[in-house]
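The values are calculated or read from the model by the stated rules, or taken from the named source; none is laboratory data. In this text, all values refer to a predicted model and were calculated from it rather than measured experimentally. All Cβ positions, glycine included, derive from the backbone under ideal geometry; neighbour counts span all protein chains shown.
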Amino acid sequence: MNTKLLVRIGIVAIIAILIFALISSYNGMVRQDQAVKSAWSQVETQYQRRNDLIGNLVNTVAGYAKFEKSTLTAVIEARASATKMTVNADDLSPEKIEQFQRNQGQLGAALGRLMQVVESYPDLKASQQFTDLQREMSGTENRIATARRDFNEATQDYNSRIRAFPAVLYSGMFGFKEKGYFAAEQGASAAPKVSKDAFDTN
């Protein structure tokens, strides 16, 4: 073989390696993007379950004529606001996740106040329907925490991949953008405590 032919073969080989590496990197980003979307669907499922349970809880509590109407109204309004806020799986931007978390946090705070007021109603606390709902709410809060953790982990893997070299050079061209995380909650934004002990009538 002459020198020119060897050079051409070398160039073709390098180009083929680069193309293969680009395809492999792109496919990896696609897989991790899908993993984030899958994790997000679980987050939505658990929050929807929580919203449904809150609706049942409000209906149960509303049956007690003397129960504070303002407390119920606050929960109903916060639930309506949280339900209205939806995030498309194709646009999980930091801003959208922050707004979603803020709305859910406001609902959690209103629900927490509702649970505190329940302490003054022993008949309500003792009702089977309420205790069953309380137990389901407690389990749902745990599922939400797990779904959020899984989502954050998938998002961290995805964000790290698109920001790493050399993917950072072309990830934006292919439409791979940074996604948002759930932040640790504090104060009024914390999830309501609905542990069984809090409603023990003994």
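Tabulated values for the structure
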| read-out | value |
| --- | --- |
| Qualifying residue in segment 55-72 (condition: under 30 Å from VAL30 (Cβ atoms), over 13 Å from the mean Cα position of the chain (by Cα) and surrounded by fewer than 14 Cβ atoms within 10 Å (Cβ to Cβ)) | no |
| Complete set of residues in segment 154-168 that are in contact (Cβ under 8 Å) with a residue 40 or more places away in the chain and part of a helix (DSSP H, G or I) | ALA154, THR155, ASP157, TYR158, ARG161, ILE162, ALA167 |
| Any hit, segment 158-176, residues being surrounded by 12 or more Cβ atoms within 10 Å (Cβ to Cβ) and farther than 18 Å from LEU22 by Cα | no |
| Residue satisfying condition, being under 30 Å from ASN159 (Cα atoms) and within 12 Å of the chain's Cα centre (by Cα), within set GLN32, GLN106, GLN42 | GLN42 |
| Flag for ALA39 being out of contact with any His (no Cβ under 7 Å at 6 or more places or on another chain), touching a residue at least 12 places away in the same chain (Cβ under 8 Å) and either charged (D, E, K, R) or surrounded by 10 or more Cβ atoms within 10 Å (Cβ to Cβ) (or both) | yes |
| For LYS177: the one exception among (1) in contact with a Phe, Trp or Tyr (Cβ under 6 Å, 6 or more places away or on another chain); (2) part of a loop (DSSP other than H, G, I, E, B); (3) of a type outside the set (Val, Ile, Thr) | (1) |
| Residue match in segment 5-22 (condition: more than 30 Å from GLY175 (Cα to Cα) and either of a type outside the set (A, V, I, L, M, F, W, C) or surrounded by 14 or more Cβ atoms within 10 Å (Cβ to Cβ) (or both)) | yes |
| Some residue of segment 159-175 being aromatic (Phe, Trp, Tyr) and either at pLDDT 95 or above or on the phi > 0 side of the Ramachandran plot (or both) | no |
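The rows are residues; the columns are (1) within 20 Å of TYR47 (Cα to Cα); (2) at pLDDT 95 or above; (3) touching a Pro at 6+ places or on another chain (Cβ under 9 Å).
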residue	(1), (2), (3)
LEU92	yes, yes, no
SER120	no, no, no
SER127	no, no, no
THR146	yes, yes, no
PHE151	yes, yes, no
GLN156	no, yes, no
